[in-house]
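Below: the structure, in structure tokens.
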Amino acid sequence: MILHQTPKKQVTISSKEIIEFLKRKKLYVDDNNIYKKATNIAALDNSNKESLIWIKRSSFDLEKIEASIIVTPKDFKDSSLDKSIIKTANARLAIALIIKEFFLEKPTQGYIASSASIHNSASLKKSVIVNENVVIGENVVIGENVVIYPNVVIYPNTIIEDNVVINAGASIGQDGFGYVEDLDGNFIAFPHLGNVVIKKDVEIGANVTIDKGALKSTIIQEGTKINNLSHIAHNVLIGKNCTICSAVSISGSVEIEDGVYIAPNATIIDGIKIEENSTIGIGAVVRKDVKANSTIVALEGFEKREYIKAKKKLKG
């Protein structure tokens, strides 16, 4: 199996290199003028004398760790005479970018496993990675630097743009769950003639299912991340840079605008609209439209302020 993120076997990096890199990324704030080298990236509780680590707190007892280079928030208060401390505007973002730049191999360019089944009408760029037992259907179009992990099924007419990652077991483009009752009371499947369109920089977790549209496309816009075991039904439109956590169920014809965060196990009822930059809490059942910048908690999708008022009344 070919991965999209493979750790380098050997790394040696200096704090000066990290400082220059963070300056280019406009994340550097300050350092303590002690320069060290690191050969590994580690967590707080398993570092050694050659480790690079990061601390998200504004204070920490540095005697408890052995790391040589420490990336911290800009308001970090503690000092050291034997460790290189690099203060940043955003420590979490800084360490993520450092790992990508210095500790990961550059992506492999192009690979198709012998066990993959790809229809001869499908169009794949040469940089695509297709792992074992992947099935790609008729007229599928896949862009640059896409990575598809084992046992993924991509149904006909699906369009996948550049830099998309699809994790193991995902199923994309199957018919939606839509039926109509005939005159004798029998269920007839409503024809699904649409497709799925996945825009650039989307990541799809393991065992995610995305249904194609009935008479139009199901669309996932740029930069959205969908975690494991989530279900996206037919005709759904998900905006840019949304976060869909694990085991979320989004019913048909839902519209989700940009920047929405949906926590694990939330259920979104069909046909509603969630406006931009809203947060849907863990386990919420959302039955009506959500206005921009709202925070929805569980218990039938109360708006947070309404929920607090109702809870006070119940206590009273």
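Numbers at a glance
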item	result
Candidate lysines for bridging to LYS273, where Cα separation is under 18 Å - those fewer than 8 sequence places away on the same chain excluded	LYS216, LYS240, LYS288, LYS291, LYS304
Around SER68: net Lys/Arg minus Asp/Glu count, Cβ-Cβ under 14 Å	0
Structure-derived Cα extents along the principal axes in Å: which label, when the choices are [x] 83, 67, 29; [y] 62, 44, 42; [z] 53, 51, 41	[x]
About the Cα centre, charge dipole magnitude for region 13-103 (Lys/Arg +1, Asp/Glu -1 at Cβ), debye	400 debye
Inverse of mean 1/r across different Cα pairs in region 13-103, Kirkwood, Å	12.6 Å
Cα-Cα P(r), region 170-307, percent of pairs per 5 Å interval	3, 11, 20, 24, 18, 12, 7, 4, 2, 0
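Where a number appears in this text, it was derived from the coordinates with a stated rule and is not lab data. Just so you know, these numbers come straight off a predicted model, no measurement behind them. Cβ coordinates were reconstructed from backbone atoms using ideal geometry, including for glycine residues, and neighbour counts include every protein chain displayed.
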